[in-house]
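Each remark here refers to the structure printed beneath this line.
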Amino acid sequence: MSDSLIAQCLGPDFLWSQLFGRATQFLGRAALFLDRDGVVVKEVNYLHRRQDVRLIDGVAEVIRRANQSGIPVIVTTNQAGIGRSYYAWEHFCEVQEQMIADLGEHDAKIDAVYACAHHIDARPPYQHDDHPARKPNPGMIFMARDTLGVALEKSWIVGDRAIDIRAGRNAGLAGGTHVRTGHGGRANERETALALATKEFRVTAADSIADLLTDATLFNGLLATDQAK
């Protein structure tokens, strides 16, 4: 199964692109972009084993609410561990299958996943000084736009690293939320993320993704922005 899935999802540029459902159903919609490690699943150094997958508290409820509201949920994840040959795409598939199964137990589903293994310290064919798809570059977000037709100017990103938030700004999103889970508690991550705010790009802070359920300026704001257009 994983070999055929890898052949299907891994493009000639060695970027992972996977959809779950029809792309056209989200044309013109605001999207919720999520980093994976530290936002959807608990941070594990170079996560590559199915048995180490643990959902972040509250993430299934956030994703389920987005599903019910017609907001596509899109995961964008840097995977330098693959580029460095610490693990392979087969392991990535196993982790993803477990994550999807765990979310499914709560009636929550991801609509698309994009992954970039390119890194300056990676081995060929993943060695690249500054690949346009590796966050903080916006390439994976642009892939989602081109495939799903989502409206980036109405969309939001949640990440535990400032580079996640910067990727959102570089892509022209409406804003981003920095969470303290995962690497979010590291020195200067929160301050660096908040400093990315501009007049056009809003940045908010949260303890975890679960806060998007209760803070009207976060998840409710995303819904209001989409429904007002």
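Every read-out reported here was derived from the displayed coordinates using simple, explicitly stated rules and does not represent laboratory data. It should be emphasised that the depicted structure is a prediction, and the values quoted were computed from it without experimental measurement. For neighbour counting, all protein chains shown are included, and Cβ atoms are generated from backbone atoms with ideal geometry for every residue, glycine included.
Which value, in Å³ per residue, describes the convex hull spanned by the Cα atoms of segment 22-143?
Taking only Cα atoms, segment 22-143 has a hull volume of 107 Å³ per residue.
Using a Debye calculation, one point per C-alpha and no hydration shell, please list log10 I(q)/I(0) for segment 101-169 at q = 0.20, 0.24 Å⁻¹ in order.
One equal scatterer on each Cα of segment 101-169 leads to -0.94, -1.10.
Explain nothing, just the number: dipole magnitude of segment 48-174 about its Cα centre with +1 on each Lys and Arg Cβ and -1 on each Asp and Glu Cβ, in debye rounded to the nearest 20. Could you put the intermediate results ahead of the total?
Numbers: 15 positive and 17 negative charges, 61 e Å.
Charge dipole, segment 48-174, about its Cα centre: 300 debye, nearest 20.
Hey, can you rank 41-49, 113-121 by average C-beta count inside 10 Å, highest first?
Details: 41-49: 16.7, 113-121: 21.4.
By packing density, highest mean first, the sequence is 113-121, 41-49.
Taking neighbour counts of Cβ atoms within 10 Å as a proxy for exposure, in what order, fewest first, do S69, S208 appear?
On the way: S69 15, S208 21.
Ordered from fewest to most neighbouring Cβ atoms within 10 Å, S69, S208 come out as S69, S208.
Could you list, bin by bin from short to long, the percent of Cα-Cα pairs of segment 151-222 in 5 Å steps?
Spelled out per bin, shortest first, that is 4, 20, 32, 25, 17, 3, 0.
For N45 and L5, compute 0.36 nm times the residue count separating them, minus their Cα-Cα distance, and round to one decimal in nm. Kindly include the intermediate steps, with their values, before the conclusion.
Numbers: separation 40, 0.36 × 40 = 14.40 nm, distance 2.45 nm.
My answer for the length gained is 12.0 nm.
Roughly what would the spin-label model give for A23 and R54, points 7 Å off Cα along C-beta, in nm?
In this crude spin-label approximation the distance works out to 3.7 nm.
Subtract the Cα-Cα distance of I100 and A197 from 0.36 nm times their separation in residues, and report this length gain in nm to one decimal. Walk me through the numbers on the way to the answer.
Working: separation 97, 0.36 × 97 = 34.92 nm, distance 3.20 nm.
So the chain would gain 31.7 nm between I100 and A197.
Calculate how steeply helix 219-228 sits against the longest principal axis of the alpha-carbon atoms of the chain, using the helix alpha-carbon long axis, and give the answer as 0 to 90 degrees to the nearest 10.
Here the helix axis deviates by roughly 70 degrees.
Among Q98, G185, P72, pick out the residue whose Cα is farthest towards the positive end of the charge dipole of the chain, where Lys and Arg carry +1 and Asp and Glu carry -1 on C-beta, about the Cα centre.
Ranked along the dipole, the leading option is P72.
Specify whether the C-alpha gyration tensor of the chain places it in the rounded, prolate or oblate class, a ≥ b ≥ c being the square roots of the eigenvalues: rounded for a/c under 1.5, otherwise prolate if a/b is larger than b/c and oblate if not.
Values: a/c = 1.37, a/b = 1.26, b/c = 1.08.
Rounded, because the longest to shortest axis ratio a/c is under 1.5.
Please report, in debye to the nearest 20, how large the charge dipole of the chain is about its Cα centre when each Lys and Arg carries +1 at its beta carbon and each Asp and Glu carries -1 there. Numbers along the way, then the final one.
Working: 25 positive and 29 negative charges, 90 e Å.
Around 440 debye, computed over the chain.
Eight or more residues apart or on different chains, and alpha-carbon atoms under 22 Å: count the Lys pairs in segment 2-228 matching that.
On the way: K42/K109; K42/K135; K109/K154; K135/K154; K135/K199; K154/K199.
Lysine pairs, 8 or more places apart or on different chains, close enough: 6.
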